[in-house]
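Nothing in this text is a laboratory measurement; each read-out follows from the coordinates by a stated rule. All values reported here derive from a predicted model rather than from experimental measurement. No Cβ is skipped: glycine too gets one built from the backbone with ideal geometry, and neighbour counts run over all protein chains shown.
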Amino acid sequence: MEYKRVLFLLALIVLNLAPVFSQNREPVIRKDVPLDSIRLSDPFIMADKKTALYYMTGTGGMLWKSKDLKKWTGPYNVAKTDPDSWMGENPMIWAAELHQYKGKYYYFATFTNRDVKIDTVRGNVIERRASHILVSDKPDGPYVPMQDSVYLPADKPTLDGTFWVEKDGKPYMVYCYEWLQNWNGTIEKIELKPDLSGSVGEGKMLFRASESPWSKERDEAGNVIPNKVTDGPWLFYTQTGKLGMLWTSWVHNVYTQGVAYSESGTLDGPWVHEKEPITPPDYGHGMMFRTFEGKLLMLVHSHKEDKSGRYIRIPQFFEVDDSGDKLVVGKNL
């Protein structure tokens with residue numbers, strides 16, 4: 001069954017990335033590492049003009065630095081969580097992002113405490129997992145907790161939180177409510193405090209996985225239906241002012257990224273999904289950034305399995321044209 005396959009593959013990610021999940025072991029720093037030699041899920045790059053460096057992070061929570069996007073130095077351990085918090089002594093870290101905002105640097109990531117179980121659905125035990133935010137005065141950390149210990153409900157598994165500021169100036173976290181519990185994953189928003197130190201009110205759903213016209217899986221009867229997974233939201237404006245969102249799911253066993261656009265120009269949507277994926281098969285969890293020369297690039301990870309069933313994920317760049325109302329993805333660099 002498709003959901004069992006996805007659970008199996010998720011478990012493989014955890015096992016294969018286990019060495020880099022630990023915050024108690026300092027990694028060996030390497031220099032001049034080519035991008036295609038780095039194995040990294042959910043990669044994210046922040047171009048920091050103050051230091052004239054690119055900072056890359058992702059699942060595993062480690063940090064890489066580069067002057068030219070070609071040769072990288074790292075990995076550095078930069079996330080310093082509180083062992084007395086809900087995260088526990090050594091949380092797993094997924095899909096970390098770095099954002100500069102009002103003079104500080106913020107670390108958005110998904111933290112999982114495997115020792116705490118919050119639910120069991122259809123025989124699957126769900127661990128305590130949530131999107132959370134750390135802060136630093138420097139782009140390379142260390143990133144530490146802020147005032148609030150919890151941003152999202154303890155009884156909901158959430159992941160892949162990203163940052164967005166609406167036109168009215170209010171900051172938000174946009175995140176996924178994981179399909180493992182609701183069996184139809186959603187993408188949601190929650191307002192943040194002005195200094196991002198906590199959340200305000202409750203989350204609001206933006207759309208469900210089942211609204212996608214391109215994602216697919218088979219149900220228990222063998223019928224083709226929309227896939228249940230929502231993964232990796234990333235918000236952007238085109239140069240014409242159109243608000244869009246990259247997000248990722250599956251077409252059966254193929255990791256696939258799509259795009260949706262907001263008819264209202266705000267997070268509240270309604271969100272209209274493009275009929276076809278925006279990138280080739282086996283690429284996903286994308287984000288975009290401008291180089292110091294002003295070129296817009298999309299960063300994704302490529303996705304394949306080796307003969308043993310282990311995931312191989314490598315950061316990849318695509319050229320992007322955002323001059324119109326919709327993104328046009330160019331060649332793979």
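In whole Å and largest first, what semi-axes does the C-alpha gyration tensor of the range 210-333 yield when each eigenvalue is scaled by 5 and square-rooted?
Values: eigenvalues 129, 84, 19 Å².
Largest first, the range 210-333 gives 25, 20, 10 Å.
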Check your understanding: Given Lys50/Lys331; Lys193/Lys326; Lys71/Lys307; Lys307/Lys331; Lys65/Lys295; Lys65/Lys307, which pairs have Cα atoms separated by over 23 Å?
Key -> Lys50/Lys331; Lys193/Lys326; Lys71/Lys307; Lys307/Lys331; Lys65/Lys307
Review point. Using every alpha carbon pair in the range 70-165, what percent of pairs falls into each 10 Å bin from 0 up to the bin containing the largest distance?
Key: 15, 46, 28, 9, 1
Study note, to complete from the structure: Amide H neighbours of Lys242 at under 5 Å, excluding residues fewer than 5 places away on the same chain, with H built from the backbone geometry, are none
Review point. Which Rg and Dmax, in Å, describe the Cα atoms of the range 164-273?
Key: 14.8, 49
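Express the Stokes-Einstein translational diffusion coefficient of the range 119-204 in µm² s⁻¹, to the nearest whole number, given a Kirkwood radius over alpha-carbon pairs, 20 °C and a viscosity of 1.002 mPa s. Can you show the working numbers first?
Values: Rh = 13.9 Å.
Roughly 154 µm²/s, to the nearest whole number.
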Practice item. Grab the beta carbon distance between Glu127 and Glu166, set R0 = 41 Å, and tell me the FRET efficiency rounded to 0.05. Key: 0.80
Practice item. Kindly provide the helix-only [θ] at 222 nm of the chain, computed as the sum of -39,500 (n - 2.57) over DSSP H runs of four or more divided by all residues, to the nearest 500 deg cm²/dmol? Key: -2000 deg cm²/dmol
Practice item. With a point put 7 Å past each Cα toward its Cβ, work out how far Gln239 is from Thr51 in nm, to one decimal. Key: 3.1 nm
Study note, to complete from the structure: FRET efficiency for Glu319 and Asn223 from the Cβ-Cβ distance with R0 = 25 Å, rounded to 0.05, comes out at 0.05
Exercise for review: Can you give me the P(r) profile for the range 157-229? Cα pairs, bins 5 angstrom wide beginning at 0, each as a whole percent.
Suggested key: 3, 16, 22, 20, 14, 10, 8, 4, 2, 1
**Study point:** Theoretical FRET efficiency, 1/(1+(r/R0)^6), r = Cβ-Cβ of Asn90 and Asp119, R0 25 Å, to 0.05
**Key:** 0.70
Point to revise | Spin-label model distance (nm) - Ser308 vs Asp32, 7 Å beyond Cα toward Cβ | key: 3.0 nm
Revision key, fill the gap. Square roots of five times the C-alpha gyration tensor eigenvalues of the range 254-326, ordered largest first and given in whole Å, equal 26, 18, 9
Check your understanding: Given the Cα-Cα distance of Val254 and Asp155 and 0.36 nm per residue of separation, how much length would full extension add, in nm?
Key -> 32.6 nm
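If you take every residue apart from Pro213 with its C-beta less than 9 Å away from the C-beta of Pro213, what net charge results, scoring Lys and Arg +1 and Asp and Glu -1? Walk me through the intermediate numbers first.
Details: positive: Lys275; negative: Glu211, Glu274, Glu276.
Computed value for this residue: -2.
Just how many % of Cα pairs in the chain lie over 25 Å apart, if you round to the nearest whole percent?
Values: 26648 of 55278 pairs.
That fraction is 48 percent.
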Review point. Distance in nm between label sites at Asp195 and Leu333, each 7 Å beyond Cα in the beta-carbon direction?
Key: 3.7 nm
Point to revise | Per-peptide average of other Cβ atoms within 10 Å, ordering 180-187, 80-87, 113-120 highest first | key: 180-187, 80-87, 113-120
Check your understanding: Where the eigenvalues come from the Cα gyration tensor of the range 198-243, what are the semi-axes √(5λ) of the equivalent ellipsoid, largest first, in whole Å?
Key -> 28, 18, 8
